[in-house]
Amino acid sequence: MAKFCPTLIPTTYEAAEEYLREEKLKPKGKRDLRREFCYLSFTKIQESVGRPTLFLLETQTLIAVGPGHSIAVPTIDCPPWAFDRERNSEPSIFLFDPATKKPLDATAIMTYFTNTDPNQKHAFDEKETNIIQYKGRMYE
């Protein structure tokens with residue numbers, strides 16, 4: 001992790017959530033909602049017709065993923081219950097099969113980090129070629 005993302009330091013979801021709660025009280029344009037990151041490591045993904053794709057609602061980003069793939073995304077998009085369809089009635093992140101448009105089940109290890117590089121503004125992964133679409137809508 002230190003080699004791949006040297007600007008991220010470990011934290012807890014609770015600490016990140018507290019920081020984000022305080023940032024949301026600030027006026028738009030003064031917030032830094034991208035400082036806290038969730039590092040997802042997919043260990044298993046349900047079989048699909050197309051290549052499994054992760055969709056981040058806030059930035060309108062599509063990222064192709066697979067078992068063994070790891071990606072860091074802003075924590076605001078990825079709370080611990082992000083993929084729990086029963087608990088998360090308004091998800092901001094989806095894993096789906098683009099060929100069938102159906103959601104996919106997956107097993108992922110989720111760890112949380114604080115980004116110490118203020119210039120890192122969007123989701124990033126170990127292979128930039130996996131980013132299918134990035135419209136760049138900013139987190140406000």
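The values are calculated or read from the model by the stated rules, or taken from the named source; none is laboratory data. Note that the coordinates shown come from a computational prediction; the quantities given were computed from them, not determined experimentally. With ligands, DNA and RNA removed, areas are computed over all heavy atoms of the protein, side chains included. Shrake-Rupley method; radii C 1.70, N 1.55, O 1.52, S 1.80 Å.
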Completion exercise
Counting only protein heavy atoms with a 1.4 Å probe and every protein chain in place, the carbon and sulfur fraction of the accessible surface of segment 1-54 in whole percent equals 52
Handout entry: Sequence-distant residues sharing a close amide H with residue 37 (under 5 Å, placed H)
Key = 75, 113, 114, 115
Handout entry: Amide H partners (placed H, <5 Å) of residue 45, local residues excluded
Key = 107
Exercise for the section: Calculate one ³J(HN,Hα) per residue across segment 42-51 by plugging θ = phi - 60° into the Karplus curve 6.51 cos²θ - 1.76 cosθ + 1.60, and present them in order as whole Hz with x for glycine and proline. Expected result: 7, 9, 8, 9, 3, 4, 9, 6, x, 6
Practice task
May I ask you to evaluate 6.51 cos²θ - 1.76 cosθ + 1.60, the Karplus curve with θ = phi - 60°, for each residue of segment 15-27 and list the ³J(HN,Hα) values in order in whole Hz, giving x for glycine and proline?
Solution key: 5, 5, 4, 4, 4, 5, 4, 5, 5, 5, 6, 6, x
